[in-house]
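The values are calculated or read from the model by the stated rules, or taken from the named source; none is laboratory data. The model shown is predicted, which means the values in this text are computed figures rather than measured ones. Here the Cβ positions follow ideal geometry from the backbone for every residue, glycine too, while neighbour counts run over all protein chains shown. Ligands, DNA and RNA are excluded from the accessible area calculation, which covers all protein heavy atoms including side chains. Shrake-Rupley method; radii C 1.70, N 1.55, O 1.52, S 1.80 Å.
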Amino acid sequence: MSMSILERLAEGVVLGDGGYLLALESRGYVQAGPFTPEVTIEHPNALRALHEEFLHAGSEVLQVLTFYASENKLAQIGYAGKLGEINRAAVRIAREAAGGEALVAGNVCLTWKYREGDAAAADACRRLFDAQIGYQMEVGVDFFVGETFLWVGEALVTLDCIRKTGLPGMVTLAFEGPQTRDGNTPGEAARMLEDAGADIVGVNCWQDPTYMFPVVEEMREAVDCYVAAQPVAYRCTPEAPFFTRSKGFPDRLDPYRITRYEMGDFARRALDLGVNFIGGCCGCEGAYIRQMARAVGKMPVEEREWEIDYEQPQSATEAYESLRAG
């Protein structure tokens, strides 16, 4: 039997996967705007191929594509009656792609229905989470990820739902600024989640490596449990400190892409900081994960040796090396 996520984390850093919805949108399988994952039943091979890409790049965990696969979001695009089918299919596809080589993480995310201090809204979120988790448990996952929460309160509701499964739980927040929407700093939020029983706490999405690093640094200093970080691969600015606020969102983001090497540098710095689970989010595709794998020592820099001859070049890499060096 393969090691659990907690056993793997106890042995060292674990490399996660990248972003699914925007990658599949760019390939024509997901609609920009609602970003719901009906691709799981409409084009399962496209999703399977992306899972396999991440696995080949070095991912040790594949998250099921159930972001926005909740009843309220699916209803927006005419798939309300497909809740169970979409969630179960997402787990099956990830399992098939993992092939026993990677762990499979169940997934739930922010609902946009949470309201601070509103018990009825919290109960509505709980019902949405319980439904998704139940369908995913029917197929079977190794642990659960609750992600991209703007309110700690909603993250805590999710964590409570995850803990009822008896499986390990990882909960990550997204930051639009220095605090969550309910007024907590990254350190405060991380401690609240740790105190509530989260096995892994952290931050994902919304921010690029530059903006995310101080957030995860504060979290790492605040808690004793495992910490996760998964930045986006789209550049943020002081005017738009999170990528969903940029003028390019949702489907004109190409000019905002950062390089794979910037993501690799983040992975190295996060490892040195003591971050335990490192991955990517929106915009982070296979090349980025591969560079992160190299940065944290999970993949060789060069996959195979090749004979280099600058005097008699046989590729543009050799022919123009002197120009780059100059």
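Here are the numbers:
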{"quantity": "Failed item, numbered, when GLY169 is tested on (1) of a type outside the set (A, V, I, L, M, F, W, C); (2) surrounded by fewer than 17 Cβ atoms within 10 Å (Cβ to Cβ); (3) within 19 Å of ILE5 (Cβ to Cβ)", "calculated": "(2)"}
{"quantity": "Residues of the stretch 13-22 classified as in contact (Cβ under 8 Å) with a residue 60 or more places away in the chain and either open to solvent by 30 Å² or more (accessible area, probe 1.4 Å) or part of a loop (DSSP other than H, G, I, E, B) (or both), total", "calculated": "5"}
{"quantity": "Test: residue in the stretch 109-120 that is in contact with a Lys or Arg (Cβ under 8 Å, 6 or more places away or on another chain), open to solvent by less than 20 Å² (accessible area, probe 1.4 Å) and assigned to a helix (DSSP H, G or I)", "calculated": "no"}
{"quantity": "Selection from the stretch 247-271 of residues that are part of a helix (DSSP H, G or I) and open to solvent by 80 Å² or more (accessible area, probe 1.4 Å)", "calculated": "ASP254, PRO255, ARG260, TYR261, ASP265, ARG268, ARG269"}
{"quantity": "Residue, most open to solvent (accessible area, probe 1.4 Å), within the stretch 23-68, restricted to residues that are in a helix (DSSP H, G or I) and of a type in the set (S, T, N, Q)", "calculated": "ASN45"}
{"quantity": "Residue within the stretch 3-12 that is touching a residue at least 40 places away in the same chain (Cβ under 8 Å), in contact with a helix residue (DSSP H, G or I) (Cβ under 9 Å, 6 or more places away or on another chain) and not basic (Lys, Arg) present", "calculated": "no"}
{"quantity": "When residues of the stretch 157-188 are limited to those that are among the β-branched types (Val, Ile, Thr) and outside any helix (DSSP H, G or I), the one nearest to VAL215 (Cα to Cα)", "calculated": "THR185"}
{"quantity": "Residues of the stretch 69-108 that turn out to be open to solvent by 60 Å² or more (accessible area, probe 1.4 Å) and within 19 Å of the chain's Cα centre (by Cα), as a count", "calculated": "3"}
{"quantity": "Output for the stretch 216-239, where each listed residue is of a type in the set (A, V, I, L, M) and not in a helix (DSSP H, G or I)", "calculated": "VAL223, VAL227, ALA228, ALA229, VAL232, ALA233"}
{"quantity": "GLY146 being open to solvent by less than 20 Å² (accessible area, probe 1.4 Å), in a helix (DSSP H, G or I) and of a type outside the set (A, V, I, L, M, F, W, C)", "calculated": "no"}
{"quantity": "Pick from the stretch 194-215, criterion in a loop (DSSP other than H, G, I, E, B) and charged (D, E, K, R), ranking: nearest to the chain's Cα centre (by Cα)", "calculated": "ASP208"}
